[in-house]
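These notes concern the structure reproduced below.
The values are calculated or read from the model by the stated rules, or taken from the named source; none is laboratory data. Computed from a prediction, not measured in an experiment: that's the story for all the values here. Don't worry about glycine lacking a Cβ; one is built from the backbone with ideal geometry, like all the others, and counts go over all protein chains shown. These accessible areas exclude ligands, DNA and RNA; they are computed on the full protein's heavy atoms, side chains included. Shrake-Rupley method; radii C 1.70, N 1.55, O 1.52, S 1.80 Å.
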Amino acid sequence: MSLLRINGMIDPHVHLRDLDWEHKGTFTSETAAAIAGGYWAVLDMPNTMPSTIDSSTLAMKKNTIRNKALSDWGLYFGAAASDNTEFYRSIWGSVCGIKIYNNATTGNLLIEEQALREKIYQAWHCKRPIAVHAEGETVAQILELVKKYRRFTHFTHISTAEEIHYLRQAKADGLPISIGVTPHHLYLTEDDIPSLGSLGLMKPELKTKHDQAALWQAIAEGLVDVIESDHAPHTLEEKMSDSPPYGVPGLETTLSLMLLAVREERLSLEQLIPMISENPRSIFGIKCPPDTYTLVDINISHTIRNDELFTQCGWTPFNGMQVMGRVREVWIRGVQVFDGEQILVEAGFGQNIIAM
Ligand code: NCD
Ligand code: ZN
């Protein structure tokens, strides 16, 4: 056995569901998936039902997750098309950041008007990052705002060669930005859609082999800061329906897929570890508590199986794939929370990692 210790693994882009979407997943089931995937903490996106776009919904969500989470957690606030900048001052001390949906996806938070985006950048003058869903040309539009207002911006789930091109230049220009990439865009392309069907449907959508190669190249260059799952569970029934929703789960497959990438010599362990721990922690200004770490057996291979998952949705687009590594132990604040098979703590153990 070759055990590797990784301190404070954190996924800064997940959709835990719960509230009115308990049928897709609950704060308990999806934080169980986080722990089984090796994670200490997750940052939950605001496109919940109801959306996290005002102080009272944020307070309600916080009260609910507090009693149900197993892993530690933080919450995003969502920018709303109806313009909710008035709330920023009262909430920015208690969220990990704000999310702007600049292109269409699950939920109803789309903002396409550049003038409103600019108003958000003006109003969000706090140290917490702005996380943006921006695809293609939209990346360039957001970079204009970063240049003008200098607010730290995390570009989530970057998926094309064109986007990498814009962001490489922006980093060279010294703009305060970071880049996140998902394992599904690294390991799947549009060529997988015929076999995956709607299980291969997510936003941003799967891209070409050329785009995929650009993402691996960006990782090799050290341009990518974060590997994030964009864990977005939907029920199998919903995915098999006539109008399947976008999104795939990922918390339990990210580490093993990336350890496979290490085995395939696409990147080194020394490159991988910061992208799933130190980098997202420092981007979001989060400290790792003492005695918070994961032990993973990196030399063992296994096959991903739907029926071994903790996520309530019970499926993954990677079912049947042979990957590397097994999470053996997870410790949070000195307490062992996972033994490789079972979660060892009760709902409510997980704490808010954002001040207040
Ligand atoms: C996410 C979801 O289902 O909440 N879906 C997705 O395809 N990624 C929303 C998002 O992050 O875009
Ligand atoms: Zn997402």
Condition check: open to solvent by 10 Å² or more (accessible area, probe 1.4 Å), of a type outside the set (Ser, Thr, Tyr) and at pLDDT 95 or above. Does Glu228 satisfy that? no
Output the residues belonging to segment 95-152 that are touching a residue at least 60 places away in the same chain (Cβ under 8 Å), under 24 Å from Gly285 (Cβ atoms) and surrounded by fewer than 15 Cβ atoms within 10 Å (Cβ to Cβ). Lys127
For segment 84-93, the count of residues that are in contact with a Lys or Arg (Cβ under 7 Å, 6 or more places away or on another chain) and not aromatic (Phe, Trp, Tyr) equals 1
Listed by first then second residue, the pairs whose first member lies in segment 330-345 and is more than 18 Å from Gly8 (Cβ to Cβ), whose partner is among the basic types (Lys, Arg), with beta carbons under 8 Å and at least 6 positions apart or on separate chains, are Asp339/Arg328; Gly340/Arg326; Gly340/Arg328
Scan of segment 39-74 for residues that are in a loop (DSSP other than H, G, I, E, B) and within 13 Å of ligand 1 (Cβ to nearest atom), ordered by number: Met45, Pro46, Asn47, Thr48, Met49, Ser51, Thr52
Single match in Ser159, Ser198 (criterion: touching a His at 6+ places or on another chain (Cβ under 7 Å), open to solvent by less than 40 Å² (accessible area, probe 1.4 Å) and either free of Cβ contacts under 8 Å to residues at least 12 places away in the same chain or within 23 Å of Ser243 (Cβ to Cβ) (or both)): Ser159
Has segment 98-105 got at least one residue that is aromatic (Phe, Trp, Tyr) and more than 20 Å from Leu201 (Cβ to Cβ)? no
Just checking, does segment 242-251 include any residue being farther than 14 Å from Thr156 by Cα, out of contact with any Cys (no Cβ under 8 Å at 6 or more places or on another chain) and of a type in the set (D, E, K, R)? yes
The condition of being closer than 30 Å to Gln114 by Cβ and either over 16 Å from the mean Cα position of the chain (by Cα) or small (Gly, Ala, Ser) (or both) holds, among Ile177, Ile193, Ile158, only for Ile177
